Each structure stands twice: as structure tokens, then as C-alpha cells.
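J.: Encoded as C-alpha cells, here's the structure I'll be asking about.
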Amino acid sequence: MRFRATIENVNTFFRIIQAIEKLQKKCIIKFSEEVMCIICNSETNDGGIQVWSQIKVDSLFTSYRIQSNADNVITMALASEALLAALRSASQPPKGSAYETEEIIMKLAKKNDHAVLTFEIIGMSRQGRKMRVAHDVKIEVLKPADVANLKEPMCPEPDVHIILPPLQKIRPIVERLRPMSDFLAVRANNNGRLQLAIRTDSVSVDTEWRNCKNTNQAPSNSQNQRDPDADEDAERDPDQLFSVLVSTKSFFKFLNSHVVSTTTIACICQNHCMILYVYVGDLADAGGVLTFYIPGQLLDD
């Protein structure tokens, strides 16, 4: 198998992995001819949050070449922290460094009998000489049979789709709520109303936004399965609030994606889960979507 690409938009790639690294120590990246998928599907992380994302190849890379016996798809598992470190070096050269980055090449290689993803940072020194810095990230190439077992969570039809306020404005609010309760209620209706609330024996806090925009559907690349028997035409009171209780810690970790978010759509499946679509780039012409699944929590009375 062969893989090589020039990273054209290294800052966006860095911010995507920055959001992923906060969730899970290991992630899965699937490269195909047209899209790069980043997956965090371990149920062992706090709150069971999962990420399934699709990023258009041409939004990040140029000179993109891939070849494999698995329909030109290469899937690998790697440490998200190591990948972030390599991208940080490429996007933010060390202070006082004696070179300016001209090109960043990412390619599949083998070092000491281990498969690695190599990042070659090519630059020019102040004296006009070519310089090259390389970072190797150890990877595990997954077998096609293991890749076939990767499945997105099954979810019922969402009761409401709502466009969230900017995540960087929500984040400080949730940061204050986090020490007060392990669980956060997220409520929304089809009339632009959004609530975040906590309830404990000692404290009760509600935060509300009005005039948020509702949307009728999830992104077209969403793969999660819906209930075929759901009656989409059923008339509902637009002021009815739909709610899901989630881990406050998980929701706060999701909010780290503010570094890459332009528009975020939240979908609430009543008492079941919350699905969040974080767009990379403008909504009308997004370079990709990060899809976060946060399971609902059921508490004993």
C-alpha cells in the first residue's frame, strides 16, 4: 500500500486533532480517495462519547495519492497525542526557529519494522539553505475485517434539530456548571429555544437562549441509522421542549471543538442521546463535519 499527501491546510488539520485529542488517547483514521474519516469509538472513555467525522480530502490536502488492495482505503489506529504533536510542530514552528516552512508532506512509511505516518517539514533557512525536519507517528494498520466492524451508533429519529450559539460562548457557562453536578440537562424545542440546566439537592441552575435557528435535517453524510417507523409528518407543538440528560464532563469535552467549529447543529433524541454536528468551514460549503454522539444518562429516582 502507498500513501502520500501534501498538507495544504495544516492549521485546520491541527485544530481538528486538537478537539479529538481531548476525548480519547487513541483514534482511528480512515483515508480513502475522497474523504478522511476520524473515529473515536471506544466506550471506555468518560461518558461514552463517540466521534465519527468525514473531512473532504481537497479541503486539507494537495498532491494526494493513495493505493491499497482494500479499494484504495487505508485505515490506521494511532495515538492522538502523538499526531497532535507532529501537527503542532508543522503548524507552529518553535519560537526563534531558523527556518520558514515551505511544504509539509505526510506519507506512509516503515521504520524498524513498524508502520509509521511520517511528517516531513521542508523549509528554508535564513541563509537560504533547504532544511528538513521529520516526525514519525507509530501506527497500526487495521485489517479490512476489523474496519468492516466499525459501525456508527444506532439512534432514533431526533425530536429536534437546533443550531447552537457559538461554542466558545457556551463553554465558560458549562465550565461553571461542571463542579456543581455530574449531569447536565439539555433541552430544546422547535421554536428556537435552548436550555442548559442542572438540578441537585443543593443547587438549581438554568441557562436559556431564545431565537436560535431550527433546521429540519442532519448533514447528508450522516450515517447513523434511524427508526424507519418514525412518523416524520406527525404534528407537534413547536413549543414542546425535548430533553436529554448527559454527562457534564462529556459535554464540556465536546465543547473543545470550538477551536474548529463554525456552525454546530444539535439533535436531541428524547431521553436517549444527543448528536452534535460540528461543521468545518462555512455551512454552505463545509470542508467536513465532525459528528459527536453523547449518550443519555438514566438516573435512579
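The values are calculated or read from the model by the stated rules, or taken from the named source; none is laboratory data. Predicted, not measured: the structure shown is a model, and the values here were computed from it. Quick reminder, even Gly has a Cβ in these numbers, built from the backbone with ideal geometry, and neighbours come from all protein chains shown. Note: areas computed on protein heavy atoms with side chains; ligands, DNA, RNA excluded. Shrake-Rupley method; radii C 1.70, N 1.55, O 1.52, S 1.80 Å.
J.: Report, by residue number, each residue of region 98-151 that is acidic (D, E), closer than 26 Å to N69 by Cα and open to solvent by 50 Å² or more (accessible area, probe 1.4 Å).
T.: D113, D136, E140, D146
J.: Could you grab me the full set of residues in region 180-202 that are open to solvent by less than 40 Å² (accessible area, probe 1.4 Å) and out of contact with any Cys (no Cβ under 8 Å at 6 or more places or on another chain)? Walk me through how you get there before you give the answer.
T.: Filtering region 180-202 down to residues open to solvent by less than 40 Å² (accessible area, probe 1.4 Å) leaves 181, 184-186, 188-189, 192, 194-198.
S181, L184, A185, V186, N189, Q195, L196, A197, I198 - these are the residues of region 180-202 that are open to solvent by less than 40 Å² (accessible area, probe 1.4 Å) and out of contact with any Cys (no Cβ under 8 Å at 6 or more places or on another chain).
J.: Which pairs do you get when a residue that is part of a strand (DSSP E or B), found in region 251-276, comes within reach of a residue that is open to solvent by 10 Å² or more (accessible area, probe 1.4 Å) and basic (K, R), reach meaning Cβ atoms under 9 angstrom, with the pair 6+ apart or on two chains?
T.: I268/R187
J.: Return the residue satisfying two criteria in turn: it lies in region 277-301 and is farther than 12 Å from S53 by Cα and assigned to a strand (DSSP E or B), and of such residues it is most open to solvent (accessible area, probe 1.4 Å).
T.: Ranking the candidates gives P295 first.
J.: Restricting region 254-275 to residues that are among the β-branched types (V, I, T) and crowded, with 21+ Cβ neighbours inside 10 Å, which is farthest from G48 (Cα to Cα)?
T.: V260
J.: Another question, then. Tell me which residues, restricted to region 25-41, are open to solvent by 30 Å² or more (accessible area, probe 1.4 Å) and modelled with pLDDT under 95.
T.: Passing the criteria: K25, K26, N41.
J.: Still on this structure, I have one more. Which residues, counting only those in region 1-27, are touching a helix residue (DSSP H, G or I) at 6+ places or on another chain (Cβ under 8 Å), more than 17 Å from V289 (Cβ to Cβ) and in a loop (DSSP other than H, G, I, E, B)?
T.: Of everything in region 1-27, those that are touching a helix residue (DSSP H, G or I) at 6+ places or on another chain (Cβ under 8 Å), more than 17 Å from V289 (Cβ to Cβ) and in a loop (DSSP other than H, G, I, E, B) turn out to be K22, Q24, K25.
J.: Just checking, how many residues over region 164-185 are in contact with a Ser or Thr (Cβ under 7 Å, 6 or more places away or on another chain) and outside any helix (DSSP H, G or I)?
T.: Within region 164-185, residues that are in contact with a Ser or Thr (Cβ under 7 Å, 6 or more places away or on another chain) and outside any helix (DSSP H, G or I) number 8.
J.: T62: hydroxyl-bearing (S, T, Y), part of a strand (DSSP E or B), out of contact with any helix residue (DSSP H, G or I) (no Cβ under 8 Å at 6 or more places or on another chain) and open to solvent by 10 Å² or more (accessible area, probe 1.4 Å), yes or no?
T.: yes
J.: When E81 is evaluated against the numbered criteria (1) in a strand (DSSP E or B); (2) under 25 Å from the mean Cα position of the chain (by Cα), which criterion, by number, is the only one it fails?
T.: (1)
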